[in-house]
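Q: Take a look at this one; I'll ask things after.
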Amino acid sequence: MHKLNPYANIPTIMTAEEIIEFAHVRSTKAGTKSSKRIPKVERVRLREISRLKEFSRQVKTKLKEAVEKYPTLEKLHPFYLELTEILVGIDKLKMALGAVYNCIPVINQITNNHLEAMKLSEAHKQMKRSRSAAKGRIASLLRSTSDNLEFLIEAKKTMSRLPGIIPNSPTMVCAGFPNVGKSTLVRVVSTAEPEVAYYPFTTRKVIVGHLKINNQSVQIVDTPGILDRPMSQRNEIEQEAIAALKYLAHVILFMMDPSEACGWPFEEQINLHREVKRMFPLNPLLVIFNKVDITPPEQLRAAREKMPNAYEIVALDGTGVENLMHEAMDHIDLESLDDLVREYVGDLSRQRADSMDS
Ligand SMILES: Nc1nc2c(ncn2[C@@H]2O[C@H](COP(=O)(O)OP(=O)(O)O)[C@@H](O)[C@H]2O)c(=O)[nH]1
Ligand SMILES: [Mg+2]
């Protein structure tokens, strides 16, 4: 099944030892059938040649698969590209992919040299020795690049845990302190089964909900542990991982709880709002007052004065939610995020050109 996260589509990558073992088992099954009428030395030659060819073919297939099924970095959505840089390191990844791929011509060389020797040899012991020498050399080549294979395996594991997103589909990202009602909102609007994913530096699960508004598929992302506390409490790498959301969020739904039943003073919620706005200056942001059902009128009035233009909802029973979703859609401008993405890709190629000049 095709997954939305490009890293989740990479097939299993084997370690060096696994590839050696796998190719060995396959190769011993090769070349066992041959006519008794052929002289023994020729029979051995055919068998040894096909075993070596099979061993070499299997190893190359596994290496090729590992590299070619990796997403093309140039084509990655900036959301994934940014996170690849933060979590894995693009240069390191490119180096590992290159090193693994570069084994292939060397394997061809080793294989061809030994096949030549086997074709010329007249003694069947020597043919066997040649075959096993070739396999030995290929195995040590693989072992010498085993760190690179492990790196690719780890990188795939890390990256494929990220949420899968439909690249050009309107995306709403929820923000706000814990317990203000983000999950409740996502649950109440999501028509399809929400998907569970991981996001770096939070142990809690990110939920991607799906819904249709005016026949348009929309995704809504619940981000526990991400946009729910002051940025000053984050280290730099965490902040960068959070900043990657700017390529995803066509609109940010900033949820507040004027009842303060969530346990956070309203003033602190205003501070967080300011920080999130500062962090995402280009993404439209809507302020939402949730839990207006349990907010005392005096408190609600005070909240309205401090944060005018907030949308008032009761996520718990869906009051005002449909209206909110339509308002949010009106703020979504697919083109402008596209521009942001294009600008990012443009910057990236300029940086690359600059670094090549110097
Ligand atoms: N009274 C009331 N409670 C709500 C409302 N929305 C959410 N809650 C409750 O607030 C608590 C926290 O909600 P949750 O969605 O888990 O918050 P999150 O941490 O922001 O995802 C839960 O007990 C919800 O049932 C609402 O509109 N009214
Ligand atoms: Mg939640």
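The values are calculated or read from the model by the stated rules, or taken from the named source; none is laboratory data. Please read these numbers as outputs of a predicted model, since none were measured by experiment. When we count neighbours, we look across all protein chains shown, and the Cβ atoms used for this are built from the backbone with ideal geometry, even at glycine.
Q: In segment 213-237, which residues are part of a strand (DSSP E or B) and surrounded by fewer than 17 Cβ atoms within 10 Å (Cβ to Cβ)?
A: Narrowing segment 213-237 to residues part of a strand (DSSP E or B): 213, 216-222.
Passing the criteria: ILE213, GLN216, SER217.
Q: Is it true that some residue in segment 225-236 is free of Cβ contacts under 8 Å to residues at least 40 places away in the same chain, within 16 Å of ligand 1 (Cβ to nearest atom) and of a type in the set (Asp, Glu)?
A: no
Q: Suppose we keep only residues that are in contact (Cβ under 8 Å) with a residue 60 or more places away in the chain, within 13 Å of ligand 2 (Cβ to nearest atom) and hydrophobic (A, V, I, L, M, F, W, C) within segment 177-212. Which one would you say is surrounded by the most Cβ atoms within 10 Å (Cβ to Cβ)?
A: Across segment 177-212, the extreme among qualifying residues is VAL180.
Q: Given the criterion modelled with pLDDT under 95, within 29 Å of PRO170 (Cβ to Cβ) and either crowded, with 17+ Cβ neighbours inside 10 Å or among the charged types (D, E, K, R) (or both), identify the matching residue among ARG304, ARG278.
A: Details: ARG304 fails: modelled with pLDDT under 95.
Just one listed residue meets the conditions, ARG278.
Q: Filtering segment 154-176 down to residues that are more than 13 Å from the chain's Cα centre (by Cα) and more than 16 Å from ligand 2 (Cβ to nearest atom), which residue is surrounded by the fewest Cβ atoms within 10 Å (Cβ to Cβ)? Show your work before the answer.
A: Taking segment 154-176 first, the residues more than 13 Å from the chain's Cα centre (by Cα) are 168-176.
Keeping just the survivors that are more than 16 Å from ligand 2 (Cβ to nearest atom) gives 168-171.
On the way: ASN168: 12, SER169: 14, PRO170: 20, THR171: 24.
Out of the qualifying residues, it is ASN168.
Conditions tested, residue by residue: (1) modelled with pLDDT of 95 or more; (2) hydrophobic (A, V, I, L, M, F, W, C).
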site: LYS53; (1), (2): yes, no
site: VAL59; (1), (2): yes, yes
site: LYS64; (1), (2): yes, no
site: VAL67; (1), (2): yes, yes
site: THR72; (1), (2): no, no
site: PHE79; (1), (2): no, yes
site: LEU83; (1), (2): no, yes
site: LYS94; (1), (2): yes, no
site: LEU97; (1), (2): yes, yes
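Q: Among the residues in segment 36-52, are any assigned to a helix (DSSP H, G or I) and either in contact with a Pro (Cβ under 9 Å, 6 or more places away or on another chain) or under 30 Å from ILE237 (Cβ atoms) (or both)?
A: No, segment 36-52 has no match at all.
Q: Tally up the residues in segment 263-315 that are without any contact (Cβ under 8 Å) to a residue 60 or more places away in the chain and either of a type in the set (Phe, Trp, Tyr) or not assigned by TED's automatic domain parsing to the domain that holds ALA249 (or both), please.
A: 4
Q: OK, next. Kindly provide the set of residues from segment 99-134 that are among the aliphatic types (A, V, I, L, M), closer than 22 Å to SER27 by Cβ and at pLDDT 95 or above, ordered by number.
A: Correct list: VAL100, ILE104, VAL106, ILE107, ILE110, LEU115, ALA133, ALA134.
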